[in-house]
Amino acid sequence: MRRTIREKEPDRPSTRLSTMAEGELTTVAKHRHTEAPRLIHLVRGDLDWIVMKCLEKDRTRRYETANGLASDIQRHLDNEPVVARPPSALYRIEKLVRRNRLAFTAAALVALALVLGIVASTWQAIRATRFRQQAQGEAQRAEAEALANRQNLYAADMNLANHALENYNLARVRELLEKHQPPRGKSSNSPVRSDLRGWEWRYLASQCRSDEIATLARFGSRVFTVSISRDGHWLAAACGDGTVGLWDLRTRRQLPSFETYRGPASFFEGEDRSHAAAFSPDCRTLAAGGINKDIFLWDVVEHRTVAILTGHQGTVDHLAFSPDGRFLASASLDETARLWDMRSNPPRELAKLEPQLRGVLCVAFSSDSKTLVTGGYSKPVKLWDVSNPQAPRQIGSLDSMWPQHAVFSPDGTRLAICANQGAVRLFEFPSLRELEPLRGQPGIHGWLSFSPDGRRLASAGGNLCICIWDLEHPEKLQMLKGHDKDPQCLAFTPDGNTLVSGGTDGTVRLWDMATNSAAEPEFRYESWISAVAFSRDSRYAAVLASGHLILWDVVAKREAATQDFAFSGEGQIEFSPDGKTVCVTSAGSARWFEMPSLRLLKEEPADRLVFAQDGGFAMLARQGQIIRRDYPSGVEASLGSSAIVGRTSAALSPDGGTFVIGGKEGKMALWHTHRPGPQTMLEGHKGRIQSVAFSPDGKWIASASSDGTIGLWQPNGRNIRFLRGHNGDVRDVAFSRDGRTLASSADDGTIKE
């Protein structure tokens with residue numbers, strides 16, 4: 001027992017409790033008015049240490065006094081560190097917390113709230129970031145879709161504008177172009193509002209400019225007739241508002257107008273009051289008529305009424321003085337034409353002509369004043385002998401026409417008639433043998449006018465344009481555009497340098513005929529040229545023609561060398577970037593020639609070959625394969641099989657990234673030059689692709705086709721428009737260095753830009 005007391009360490013109270021039998025522990029806990037687990041928990045800790053300090057074997061380690069034991073127990077009860085327990089930092093903190101439980105609980109709650117707030121705000125920030133990224137992604141997709149829609153709308157509008165331009169509807173072209181013009185003074189970096197205008201917009205904008213040199217007047221109603229005095233001093237215009245405007249053409253100053261109608265305006269007569277006007281050969285008398293059925297004669301110098309001729313029972317639609325000034329002819333919707341003797345004072349009616357028409361629209365005198373032609377609704381066109389108007393002749397070939405206007409040439413050898421069939425008919429006079437008709441834009445030609453020298457004939461009518469034919473070369477048709485609505489009437493000045501027109505748009509316009517040429521700028525060759533190419537330094541030009549390769553020294557302006565060889569009649573010339581060789585591809589073969597001697601170096605199979613601008617590689621189309629050949633190594637890599645085989649045309653983008661080839665079925669294929677992959681097909685032409693070219697900035701691809709059109713494309717494959725104008729297969733296309741001009745050549749022997 002003594003040894004046990006002296007040597008054996010006693011168990012901790014909590015250990016004793018935990019090792020008791022369950023019933024005994026429960027009894028002890030009941031004596032302590034608690035539960036067994038809680039009793040163990042209460043004892044474990046400070047009380048264990050206090051009891052064990054009291055039972056220390058070494059007296060120096062026990063409490064020195066009972067008061068020390070009591071103080072330690074009080075410390076335990078006050079949640080202060082007890083002396084019996086080792087004073088660790090964690091233990092002191094634990095006691096501090098227990099002693100200040102309320103403060104630490106509040107602090108913990110505040111900290112928890114802060115943590116929860118931080119967690120919540122972080123989560124919300126993450127969610128907001130995700131939503132923002134999602135919104136940005138959706139906005140970017142929406143912008144991309146909006147941009148794609150704008151691009152599609154732009155392409156569609158450019159096509160519509162092109163069609164409108166072909167129909168000379170300049171107002172519609174301007175309307176479509178204006179839709180895509182950025183607002184003035186505003187700029188936006190957003191791709192949705194980016195400026196989509198490109199080469200085609202600038203081209204259309206340049207083409208829709210009016211050809212006129214001046215707009216002399218604008219009226220609120222259509223201009224039915226314009227007439228110029230023989231001396232070129234006066235210009236008169238009969239307008240639908242009932243006035244006849246008068247100008248001094250030399251100064252372009254408007255003078256006081258005359259009136260042919262002073263009655264009340266009616267629902268159907270409001271814009272059709274003055275229809276006809278004509279100057280007498282002495283340049284002093286102006287005749288005019290309209291819906292009031294009378295013909296007014298005015299002295300333009302003294303600005304007074306000379307006479308009023310009555311007799312017609314319907315609108316006076318046209319007037320014409322005989323060249324000798326003896327007669328005035330009038331056409332009316334009362335189904336009659338009348339001859340007036342201008343030698344009597346006042347003028348008197350000589351004859352009432354009844355050509356059996358539902359309405360007479362036009363009258364015209366021959367140059368010798370002996371013959372009068374009439375035409376109008378229904379048939380036929382009749383020729384009247386002014387001295388004996390009782391037995392008219394008729395032009396049988398015009399039985400099915402409704403002549404709108406007729407005019408004799410100044411020398412009296414030809415009669416021109418326009419009618420409702422869309423062509424201008426020409427007849428020899430007086431034999432009335434019909435010549436080849438003049439064909440222009442589709443539509444009804446409503447007015448004709450010969451130039452004073454008789455070499456040109458102008459027509460006004462449908463499709464908003466004025467047609468000018470060179471009668472020595474009728475195929476050379478000049479089209480003047482500028483009227484917003486159909487031009488109605490025409491008149492040449494006596495010197496032939498100016499054409500005056502009036503239109504349903506209410507304008508009177510002047511056109512320069514001294515500088516305008518009926519033929520567009522062109523170059524003609526005596527023999528057929530297959531291909532032309534310049535060297536990179538522009539020193540040499542190579543021409544492939546008639547079994548010859550000809551090298552021209554551009555600087556010296558002489559032929560440098562000629563090489564004879566057989567080829568299929570079509571080919572392509574490509575100078576190497578270093579200028580040491582030139583390659584000609586034709587009929588599946590590529591022939592290499594030394595520069596400048598044109599000595600044949602080698603021959604290899606290839607349908608087309610194109611060098612990159614930096615000379616680092618070349619693209620080949622060979623037997624249905626697209627091949628990239630690197631230089632100077634000469635290593636080749638196949639990019640894949642092409643859907644376009646045989647005769648092809650090819651071009652490489654300025655950056656060397658895109659290769660385009662065109663074939664005989666009107667299709668083109670785009671290839672990436674740096675990686676194998678599927679080709680992008682460009683379709684739209686109806687004939688073989690003869691030539692393709694990239695613009696200097698790489699934004700446009702032009703294609704020439706045997707269907708007579710030039711295609712304009714974007715590198716993504718979207719077609720912008722088709723250009724028309726050549727009268728044969730388009731052979732070649734090329735962009736200017738600034739990318740603003742596109743030139744083309746065709747089988748009609750012309751080069752256009």
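Residue under question is Ser745, and the condition is that it be of a type in the set (S, T, N, Q), in contact with a Gly (Cβ under 8 Å, 6 or more places away or on another chain) and crowded, with 18+ Cβ neighbours inside 10 Å; does it hold?
For Ser745, the condition - of a type in the set (S, T, N, Q), in contact with a Gly (Cβ under 8 Å, 6 or more places away or on another chain) and crowded, with 18+ Cβ neighbours inside 10 Å - is not met.
Against the condition within 20 Å of Leu333 (Cα to Cα) and modelled with pLDDT of 85 or more, how does Val424 come out, does it pass?
no
Which number in (1) within 57 Å of the chain's Cα centre (by Cα); (2) in a loop (DSSP other than H, G, I, E, B) marks the one condition that Val82 misses?
Of (1) within 57 Å of the chain's Cα centre (by Cα); (2) in a loop (DSSP other than H, G, I, E, B), only one is false for Val82: (1).
Out of the helices (runs of 4 or more DSSP H) lying entirely within the stretch 85-181, which hold 2 or more residues that are closer than 30 Å to Pro487 by Cβ?
Here the list reads 101-166, 170-178.
Select, from Ala669, Ala637, the only residue that is surrounded by 17 or more Cβ atoms within 10 Å (Cβ to Cβ) and in the same structural domain as Gly579 (by TED's automatic domain parsing).
None of the other options fit; the residue is Ala669.
Only residues that are farther than 15 Å from Phe575 by Cβ and outside any strand (DSSP E or B): list them for the stretch 591-602, please.
Listed by number, the list holds a single entry, Arg599.
Taking the condition of being of a type in the set (Ser, Thr, Tyr) and crowded, with 20+ Cβ neighbours inside 10 Å, how many residues in the stretch 281-310 meet it?
The number of residues fulfilling the criteria is 1.
Criterion first (modelled with pLDDT under 85, surrounded by fewer than 20 Cβ atoms within 10 Å (Cβ to Cβ) and of a type in the set (Asp, Glu)) does Asp231 satisfy it?
no
From the set of residues in the stretch 170-226 that are acidic (Asp, Glu) and touching a strand residue (DSSP E or B) at 6+ places or on another chain (Cβ under 7 Å), which is modelled with the highest pLDDT?
So the residue we want is Glu212.
So is Glu354 surrounded by fewer than 18 Cβ atoms within 10 Å (Cβ to Cβ), under 25 Å from Leu297 (Cα atoms), at pLDDT below 85 and among the charged types (D, E, K, R) or not?
Spelling it out, Glu354 is indeed surrounded by fewer than 18 Cβ atoms within 10 Å (Cβ to Cβ), under 25 Å from Leu297 (Cα atoms), at pLDDT below 85 and among the charged types (D, E, K, R).
One line per residue, one yes/no per condition, for (1) surrounded by fewer than 11 Cβ atoms within 10 Å (Cβ to Cβ); (2) in contact (Cβ under 8 Å) with a residue 24 or more places away in the chain:
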residue	(1), (2)
Val119	yes, no
Ile126	yes, no
Ala146	no, yes
Asn162	no, yes
Asn169	no, yes
Glu178	yes, no
Gln181	no, no
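Checking the condition touching a Leu at 6+ places or on another chain (Cβ under 9 Å) and modelled with pLDDT under 80, which residue from Pro389, Pro380 passes?
Pro380
Against the condition more than 23 Å from Glu94 (Cβ to Cβ) and of a type in the set (A, V, I, L, M), how does Ala70 come out, does it pass?
Answer is no for this residue.
In the stretch 491-519, what residues are under 20 Å from Thr243 (Cβ atoms), outside any loop (DSSP other than H, G, I, E, B) and not small (Gly, Ala, Ser)?
Val500, Thr507, Val508, Arg509, Leu510
Residues of the stretch 208-223 being surrounded by fewer than 17 Cβ atoms within 10 Å (Cβ to Cβ) and assigned to a strand (DSSP E or B), which ones?
Hits for the stretch 208-223 are Ala214, Thr215, Arg218.
Counting just the residues of the stretch 603-627 that are of a type in the set (S, T, N, Q) and either part of a strand (DSSP E or B) or free of Cβ contacts under 8 Å to residues at least 40 places away in the same chain (or both), which one comes out nearest to Trp671 (Cα to Cα)?
Among them, the one singled out is Gln625.
Consider the stretch 725-740. How many of its residues are under 20 Å from Ser206 (Cβ atoms) and surrounded by 14 or more Cβ atoms within 10 Å (Cβ to Cβ)?
6
The values are calculated or read from the model by the stated rules, or taken from the named source; none is laboratory data. Only a predicted model underlies this, so the values are computations on that prediction, with no experimental measurement involved. FYI the Cβ positions are ideal-geometry reconstructions off the backbone, even for glycines, and counts take in every protein chain you see.
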